[in-house]
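The next block holds one structure in the form of structure tokens; read it before the comments.
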Amino acid sequence: MNPVTSYGKLYLIPTPLGKTPSNNSLAESVIETIHSIDTFLVENIQSAGRFFQWIKHPIPDYQLKMYLLNKKTKPEEKNEYLSLFRNGNNVGIISEAGCPAIADPGAEMVKMAHLRNIPVVPLVGPSSILLALMGSGMNGQRFAFHGYLPLDKNALRSAITKLEQDSSSLKQTQLFMETPHRNMVLLKELINSVHGDTRICIAVNITLPGEQIITKAADEWKASKLPDLLKKPAIFLLEAAI
């Protein structure tokens, strides 16, 4: 490839966490930067096209250069994408929702960019993980994100027990998530698997209509009417009593 000085930059482009009629999460400077780029690596071309229309990209979406970058993208395809940066061409990565490279297939592309000295520029935008932690009242000094927990019921219980033990021994907030249609299954298993004084936070519909961030001890959750989390984007947080 050409010398480093001929490379463009890799921009990590945030997107809203869900459908909103107006922009309440992206800075104008971020949108201006996106408007200056015409080459993108995207998880889904159709939804990316809708995003470009939503931010009124000056180039029609059918004229933008969009390449698929998802869990099915082969290593050789990712290597080919590196040629997109030649001649100073800037490239943007867009996640389906939130910030790229956080629980997202874009992370591997960022790693490859660093290995080739391609400048990486993360743009400011909504991260459901950090927003949930900020609003939870839990330890923001030490925390760990675990992505999705196991589907198997016994494995899930073991995972929750381990998270609670780690939270206690490391004085650490534990964050995790579930697919929206299984949120209620996880919540019920969670409140029944931990000690009564362990705190659990549910952050649902962050930045969207109907946003709720609720933190209670497990025993309090058991005595409460559970919120309806079905088919709603949610982040779960756990903090053992100290």
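Values quoted throughout were computed directly from the atomic coordinates according to the rules given, and no laboratory measurement underlies them. Since we're looking at a predicted model, the values are computed, not measured. A quick note on method: Cβ atoms are made from the backbone with ideal geometry, for glycine too, and the neighbour counts reach across all protein chains shown.
As a test, work out the antiparallel percent of DSSP beta bridges whose residues both lie in the stretch 1-131, rounded to the nearest 5.
Within the stretch 1-131, antiparallel bridges account for around 5 percent of the total.
Based on the Cβ-Cβ distance from N117 to K74, what FRET efficiency comes out when R0 is 25 Å, to the nearest 0.05?
0.60
Where the centre of each part is set by its Cα atoms, how far does the stretch 1-73 sit from the stretch 175-242, in angstrom?
Each part's Cα centre sits 32 Å from the other's.
Which three extents, in angstrom, do the Cα atoms of the stretch 124-173 have along their principal axes, listed largest first?
38, 24, 14
Kindly work out what percent of the DSSP beta bridges joining two residues of the chain are antiparallel, to the nearest 5.
Around 50 percent of the beta bridges assigned by DSSP in the chain are antiparallel ones.
Can you return the lysines within cross-link range of K222? Criterion is Cα-Cα under 27 Å, with same-chain partners fewer than 8 residues away left out.
Candidates past the 8-residue exclusion: K153, K162, K171, K188, K231, K232.
Loop only by DSSP, 14 or fewer other Cβ within 10 Å of the Cβ. Give me the trypsin sites (Lys or Arg not before Pro) in the stretch 109-203 that pass, ordered by residue number.
Qualifying residues, ordered by number: R116, R142, K171.
What percentages, rounded to whole numbers, describe P(r) for the stretch 1-53 computed over all alpha carbon pairs with 5 Å bin width beginning at zero?
Bin by bin from 0 Å, the calculated values are 4, 14, 26, 24, 16, 7, 6, 3, 1.
Across 5 Å bins from the origin, how do the percents of Cα pairs in the stretch 36-132 run, short distances first?
Here the calculated profile for the stretch 36-132 is 2, 12, 24, 25, 21, 12, 3, 0, 0.
Could you sort out which of K72/K111; K71/K216; K19/K56; K65/K111 sit more than 24 Å apart by Cα distance in this structure?
K71/K216, as the Cα separations exceed 24 Å there.
Name the residues whose placed amide hydrogens come within less than 5 Å of the amide hydrogen of G92, ignoring near sequence neighbours (fewer than 5 apart) on the same chain.
Y11, T39, F40, L41
Does the stretch 140-240 come out rounded, prolate or oblate by the C-alpha gyration tensor, with a ≥ b ≥ c the root eigenvalues, rounded set by a/c under 1.5 and, if not, prolate when a/b is larger than b/c and oblate if not?
Rounded, since a/c falls under 1.5.
Apply the Karplus parameterisation 6.51 cos²θ - 1.76 cosθ + 1.60, with θ equal to phi minus 60°, to every residue of the stretch 167-178 and state each ³J(HN,Hα) to the nearest whole Hz, in sequence, with x for glycine and proline.
Along the stretch 167-178, the couplings run 4, 5, 6, 9, 6, 10, 6, 10, 10, 7, 9, 8 Hz.
As a test of the definition: which semi-axes, in Å, follow for the chain when you take the square root of five times each eigenvalue of its alpha carbon gyration tensor? Largest first, please.
That gives 37, 20, 15 Å for the three semi-axes.
Given the -39500 (n - 2.57) contribution per DSSP H run of 4+ residues, what per-residue ellipticity at 222 nm results for the chain, rounded to the nearest 500 deg cm²/dmol?
Helix-only estimate at 222 nm: -9500 deg cm²/dmol.
Pop out the ³J(HN,Hα) list for the stretch 48-65 in order, Karplus 6.51 cos²θ - 1.76 cosθ + 1.60 with θ = phi - 60°, rounded to Hz; leave Gly and Pro as x.
Residue by residue, the stretch 48-65 yields 5, x, 5, 5, 5, 5, 5, 8, 6, 4, x, 9, x, 4, 6, 9, 6, 8 Hz.
Suppose R0 equals 22 Å. What FRET efficiency, 1/(1 + (r/R0)^6) with r the Cβ-Cβ distance, do R182 and T20 give to the nearest 0.05?
Once the sixth-power term is evaluated, E becomes 0.35.
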